[in-house]
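A quick write-up on the structure given underneath.
The numbers here are math on the coordinates, done by the rules we state, and not lab data. Just so it is clear, the structure is predicted and the values come from calculations on it, not from any experiment. Quick reminder, even Gly has a Cβ in these numbers, built from the backbone with ideal geometry, and neighbours come from all protein chains shown.
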C-alpha cells in the first residue's frame, strides 16, 4: 500500500503525483475502518482528503503553518504527519485527540475546537513571521459554515492591508454541522456556479506563461487589476472588493487543479482566498447521504452505517426537544434560536412544526444572544438552545444585552459538565462560573429528565434571564417523585445527620451512590438536590446548619466561581463554625475520555467523593474527642 510509505512529516513528497488518487482512496478506506471502531468526526474528514493531500504537496512541515478552523477535519493531516498508528486510540483517554494539538505534533500549528478563529490565528502568524524576517508559509483553512462567524469577517477586514503572502483556503461544502443558512451561504452558492470563470482564467494564465518576457508581466498586471470580467461571472465579488485576491472555485476532488491554484496563491504578495468545493462524506455513501449523522458518530457497522450501540433511553436533549414542542403549541409567542445546531440541540422537530418561529443564525453565538434580546423586547419569548462551551462565545452579549436589560430569555444549555471524547474545547465546565456572576440571572440544574421538563415549563413563567444547564448523557429517571419547582428552592432527597451533601444537576445520581457507600460505613448524610444554583437556597442552608457540622458541595463545573465557592462565601459569613468542602473541577482543562473515567480522574467518582467525606468526618470526630 502507498499509505505504508507515509510514516513521518513530508513523506508525501516522495510519492509520485500519479499515485495520489490511489493514496486518497487508501486514506479514505483507512478513515472509514478506523472511525467505525472508535467513533469520531467522519463526514467532514472524508470530504477533505484530496484537499489535505494537495496542501501537504505544496507545504513543508513543521516549517510551514497549517491552521484548521474547528479542526475536526484534520484526521488526514494527522495521518500524513506520522500519527497513523495512533488512530486506534482516537478520542480515548490518553490517546490521539480528535482535534489539532500542538503538544501532539509540531505540525499542528494551533489548538482548535471552536470555529471562525483560523484567519485571526493565521494573520497573527503572518505578522510574527514578517517581523522576524522569516519565510515560512501560513495557510488557514476555514469552512463556509465557519465563515458566517463575525470573527472571521473581522480577521478578513484586518488582513486586507497585508503586503505579504497569506493563503486562506475556503473549504466550501455547503455545510457546517447542519446545512448552512444566511447571506454568506447564498453568496457562496452563487459563486459555486462560476467554474467558467476559473477555467478561463487558468487557461489564459497558462497560455501567457508561454510567451517569453512579455507573458509574466501581463500575468502580474492581470493579478493587480480588478478586471470587470470577474464581476460578469461572480456576483458581488465580496472578497476582491475587501482587498483580497480570490482564486476559484475549484473542484476539491481534482487534486491537480487544487495544487495549481495553491501554487498560484503562493505567488501573491497579499492575502489570497482559494475557494475549494468539497463534499462531506465523499466516498462513503451513508456519510454522504446523511452528513449530519456522521458529523460526530459512535462506532458503526461499515456495511450499513448503523450505530453499533443502539439508543436505549432518551437523552436530556431528547427530553428538551419533546418539551419545547409542547410549550410551542401552548405559547404562540415562544420562539427558538440556535447557532447552526438544530439537530444537536434538539430543535429540528420544533423547526418542522413552526418554521416561522425557529431561527438558525449560523455559527454566530454572540449574535444569537443579542438577536434573542431583540426578540424579547419585541414581545416574544425566545429560547436559545446552545452547547455550554459554545455559549462562552456570547459572554459579553449575555452580560450587556440580556442581563443588563433584565430580559426574559431562556437559555437551554446542552452538553453542560463533562462531555467526554471531544476533550478540552468541548467540556462544559465553566457555565456555572460565568453565568452566576451575572446580575439577575436565574440558573437551574435538573437532576433528571423529568425535572428538566418541569424546569422548562416553569421557566416560561419566570422573569428575567433564565439558564437551564443539562448533560449530554442519557436522561436519569430521578430519585423518585419530582415535586413542583419553586424559584430558589432546593429539594431534600434523603434526611440524615451531621453531613449535608449539596449536589448540582447530574451529580445527584452520583451522590446517591456516595450515600449508599457512606451508609455502609455508618455515616448517614442528608442529600440535597440543589436545583437552583442561583438564587441559592440560603434558607435551607440556615435550617440545615442548626443540626449538621459538615457541608459538601458537588458539581461538574470549575471550582473557581462555581456553586461551591458561593456556598463557602455564605457559610463563612453566616455560619463560620461549620466545615464546607467543595468537590468540583480544579484549575485545569479536562482532556478527552469517557465521562465515567473522567469523573474518576478528577476526583468526582462516587468512591473518591465517599473517601473524601469519610476522611472529613474522621477529622470532625478527632476534634470532638479533643
Taking R0 as 22 Å, what FRET efficiency do you get between residue 318 and residue 607 from their Cβ-Cβ distance, rounded to the nearest 0.05?
0.15
For the chain, longest principal axis from Cα atoms; helix 563-574 axis from its Cα atoms; angle between them, nearest 10 degrees, is 40
Does the stretch 316-469 classify as rounded, prolate or oblate by the C-alpha gyration tensor (a ≥ b ≥ c root eigenvalues; a/c under 1.5 gives rounded; else a/b over b/c gives prolate, otherwise oblate)?
rounded
How far is the Cα center of the stretch 41-80 from the Cα center of the stretch 298-318, in Å?
28
Give me the angle, in degrees from 0 to 90, between the Cα long axis of helix 449-459 and the longest principal axis of the Cα atoms of the chain, rounded to the nearest 10.
90
How big is the gap, in Å, between the Cα center of the stretch 339-384 and the Cα center of the stretch 236-280?
33
Taking 0.36 nm per residue of separation and subtracting the Cα-Cα distance, what length does fully extending residue 333 through residue 396 add?
20.1 nm
How long is the gain from residue 569 to residue 463 if the chain were fully straight, where each residue apart is worth 0.36 nm and the alpha carbon distance is subtracted?
35.5 nm
Compute the angle between helix 150-159 and the longest alpha-carbon principal axis of the chain, please, reported from 0 to 90 degrees and rounded to the nearest 10.
40
Honestly the stretch 510-558 on the Cα gyration tensor test (a ≥ b ≥ c root eigenvalues; a/c under 1.5 rounded, otherwise a/b vs b/c for prolate or oblate) is just oblate
Pull out the extension gain between residue 33 and residue 104, defined as 0.36 nm times the separation in residues minus the alpha carbon to alpha carbon distance; nm, one decimal.
23.3 nm
Of all DSSP beta bridges with both partners in the chain, the antiparallel percent, nearest 5, is 15
With the 8 Å Cα cutoff and a minimum separation of six or more residues, the stretch 491-625 has a relative contact order in percent of 26
Quick check on the chain: helices-only [θ] at 222 nm, where DSSP H runs of length 4 and up contribute -39,500 (n - 2.57) each and the sum goes over total residues. Nearest 500, please.
-11000 deg cm²/dmol
